[in-house]
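Engineer: Can you read through this structure? Questions will come right after.
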Amino acid sequence: AIYEVKYHISMKKILFRKLLIDCLKFFVLSTISLSTIVWVFQAVNYLDIMVEDGRNYLVYFKYTIYSFPKIIGKIFPFTIFLSFFYVLSKYEENNEMLIFWTHGINKIQIINFFLKFSLLITIFQIFLLSTIIPHTQDLARSILRDSNINFFDNFLKPKKFNDVIKGVTIYAGSKDQNGMLRNIYIKKLSRDGEFEVTYARSGVIKKQNNTNILVLYNGENINGKNDNLNTIGFSKSDFNLSMLESNTTTYKKIQENTLLDLITCYNNLVIDNENNKKKFTSVENCSFSNLHNVLGEIYKRVIVPLYIPIIILVSLFLILPNKENLNYTKFKVFNFLFGLTVIIFSETTIRLVGNTILSNIKILIIPLILMLSIYSIIFYNFYLKNKKL
């Protein structure tokens, strides 16, 4: 008797481990595959941006690599649901679930096992969204901050106003095969309201002492300040391109801050303010105008992952009916659509986030209510079936 008990316990562990490993294998494979597909399409878009911005290909490569964790975070809920839905469907179709029932494992035990495991996945998702993704996004932004515009020939397109450089607009009427520009117009603005307009009949980009210079020929330079204009003609003039900055956003955005930084920001803006304490914050881009975005980002990283146990519970509905049931196929379709609805709903609730914690209580408890409701439905369904038997 003792041997049989030990045997059944050992078999239960083996069966649970086998089912879990199959789900995780499919999850890892589908996550990497889908993330790579999305990354390739996104990398193509980034290539166009980098070329127009004049960055070199090493900057482009590093920037796109650091975007990969963000893609994983986006598709994470879908691949989790897809993995459990697919594996459980295959187990039912291949009659592999019968092995569990013959070894005394009931459906509630399977559901409880995966519900506990879903909590570990939830913690991992929170860590991914709160620490890894913000860090990699900040690294990507730092690459742009620390890089220079290298390929000026790429963004100086003829018959187009090129405003990639901050405070500078460049226009060229034409460009020949040798890189010679014709009918060049340059407008440069400064912070104190001064402006400088340069017109040249021709020009070419040259590199002198590792510095990019736009050499202009036969033109005029007009300086404006306080309604005063000064015009100077020239036969040759050098316009230094290397000292100019790109228009690309280089400051740290809200989503690039860690969860701890966001909580610190909220604490400084709201809690300390209510207590009449003015506290200096080192969190970049932390201001009252961004308070809604700060709370939305906190909600996305902490509350939205709580829908993962719900998504897994929805997929576990598949083990309740038997495949011999005439409506089993319709049930699978409904189950899949319901799972997608939960995923979409979890993302759209971010729009309901208010500016205070108290105003967000309702949407904070939605995941808990949904999880308890779905679990109650499963448990009640299982209890009714056992009672009939």
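Engineer: What's the local net charge at Phe68, with K and R +1, D and E -1, over the other residues with C-beta under 12 Å away?
Structural biologist: +3
Engineer: Take Ile132 and Phe195, extend 7 Å from each Cα along the Cα→Cβ direction, and tell me the distance between the two endpoints in nm.
Structural biologist: 5.0 nm
Engineer: To continue, here is another question. As a test of reading the structure, rank Arg141, Arg301, Arg182 by solvent-accessible area (1.4 Å probe, protein chains only), most first.
Structural biologist: The ordering from most to least exposed comes out as Arg182, Arg141, Arg301.
Engineer: Show me the ranking of peptides 324-330, 362-368 by mean Cβ neighbours inside 10 Å, starting with the highest.
Structural biologist: Those peptides, ordered most packed to least, come out 362-368, 324-330.
Engineer: Which of the peptides 305-317, 122-134 is most tightly packed, and how do the rest follow, going by the mean number of other Cβ atoms within 10 Å of each residue?
Structural biologist: The most tightly packed comes first, giving 305-317, 122-134.
Engineer: Any chance you could run the full-extension gain for Ile99 through Ile222? It's 0.36 nm times the residue separation minus the Cα-Cα distance, nm to one decimal.
Structural biologist: Using 0.36 nm per residue and subtracting the Cα-Cα distance, I get 35.7 nm.
Engineer: Could you run the Karplus curve 6.51 cos²θ - 1.76 cosθ + 1.60 with θ = phi - 60° over the range 235-240 and give me ³J(HN,Hα) per residue in whole Hz, x for Gly and Pro?
Structural biologist: 9, 8, 8, 9, 10, 6
Engineer: Follow-up. Could you check the spin-label model distance between Ile21 and Asn183? Points 7 Å from the Cα along Cα→Cβ, value in nm.
Structural biologist: 7.2 nm
Engineer: Give, in nm to one decimal, the length gained when the segment between Leu29 and Thr329 is fully stretched (0.36 nm per residue of separation minus the Cα-Cα distance).
Structural biologist: 105.5 nm
Engineer: Can you list residues whose amide H is under 5 Å from Met180's amide H, if they're 5+ apart or on another chain and H is modeled 1.01 Å from N?
Structural biologist: Sorted by chain and number, the residues that satisfy this come to none at all.
Engineer: Rounded to the nearest percent, how much of the accessible area of the range 318-383 (1.4 Å probe, protein heavy atoms only) is carbon and sulfur?
Structural biologist: Within the range 318-383, the accessible surface is 73 percent carbon and sulfur.
The values are calculated or read from the model by the stated rules, or taken from the named source; none is laboratory data. Since this is a predicted model, take the numbers as computed values, not measurements. Note that we place each Cβ from the backbone using ideal geometry, even for glycine, and neighbour counts take in every protein chain shown. Heads up: the accessible areas ignore ligands, DNA and RNA and are worked out on the full protein's heavy atoms, side chains in. Shrake-Rupley method; radii C 1.70, N 1.55, O 1.52, S 1.80 Å.
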